Amino acid sequence: QVQLVETGGGLVQAGGSLRLSCAASGRTFSIYGMGWFRQAPGKEREFVAAISGSGFTTDYADSMKGRFTISRDNAKNTVYLQMNSLKPEDTAVYSCAAGSYSGRYSQSAYGYWGQGNQVTVSS
């Protein structure tokens, strides 16, 4: 069983930065691929980024490449999402998830989800 708690969301102006953190319970954190997804109002939840259990491999949605960076610290059981050059269209509830890196684009590959954290980017 893994419990995920996200922190770090909030309100930021366009062009600004935020870092989301996702802290996991349990002693097997490093076996899980970790992903970030987001859901904007009136839209479906979409893939943002993912990182393998070792942290050596990452992947991003095209619109986030070059702006977002996913990382993890297995000693702290935490995964991060550094978001730079934020745009109003990045406004959404961001959720972290633990699961299989090989299925990283699909929500069904993740068995554990955080509660979600609101990120609002003002223009």
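The values are calculated or read from the model by the stated rules, or taken from the named source; none is laboratory data. Just so you know, these numbers come straight off a predicted model, no measurement behind them. With ideal geometry, Cβ positions are generated from the backbone for all residues, glycine too; neighbour counts draw on all protein chains shown. These area figures cover heavy atoms from the full protein model, side chains too; ligands, DNA and RNA do not enter into them. Shrake-Rupley method; radii C 1.70, N 1.55, O 1.52, S 1.80 Å.
Look at segment 100-123: where a residue is under 14 Å from residue 7 (Cα atoms) and a partner is in a helix (DSSP H, G or I) and open to solvent by less than 40 Å² (accessible area, probe 1.4 Å), sitting 6+ places away or on another chain with Cβ atoms under 8 Å, you get 119/90. Scanning segment 9-29 for residues that are within 12 Å of residue 80 (Cα to Cα) and at pLDDT 95 or above yields a count of 7.
If you go through segment 74-98 and keep only what is among the charged types (D, E, K, R) and open to solvent by 10 Å² or more (accessible area, probe 1.4 Å), you end up with 76, 87, 89.
Selection of segment 61-73 for residues being farther than 18 Å from residue 7 by Cβ and surrounded by fewer than 18 Cβ atoms within 10 Å (Cβ to Cβ) yields 61, 62, 63, 65, 66, 67. Close contacts from segment 47-66, counting a first residue that is at positive phi and free of Cβ contacts under 8 Å to residues at least 24 places away in the same chain and a second that is buried (at least 18 other Cβ atoms within 10 Å of the Cβ) and not acidic (Asp, Glu), with Cβ to Cβ under 7 Å and a gap of 6+ residues or different chains, come to 55/72. The set of residues in segment 29-54 that are of a type outside the set (Ser, Thr, Tyr) and in a helix (DSSP H, G or I) comprises 29, 31. Given the criteria surrounded by fewer than 18 Cβ atoms within 10 Å (Cβ to Cβ) and either within 15 Å of residue 96 (Cα to Cα) or touching a Phe, Trp or Tyr at 6+ places or on another chain (Cβ under 7 Å) (or both), does residue 13 qualify? Here the answer is no, as residue 13 does not meet what is asked.
Each residue in segment 67-85 was checked for being in contact (Cβ under 8 Å) with a residue 12 or more places away in the chain and assigned to a loop (DSSP other than H, G, I, E, B), and 6 pass. Restricting attention to segment 99-119, the residues that are in a strand (DSSP E or B), over 12 Å from residue 35 (Cβ atoms) and open to solvent by 50 Å² or more (accessible area, probe 1.4 Å) add up to 1.
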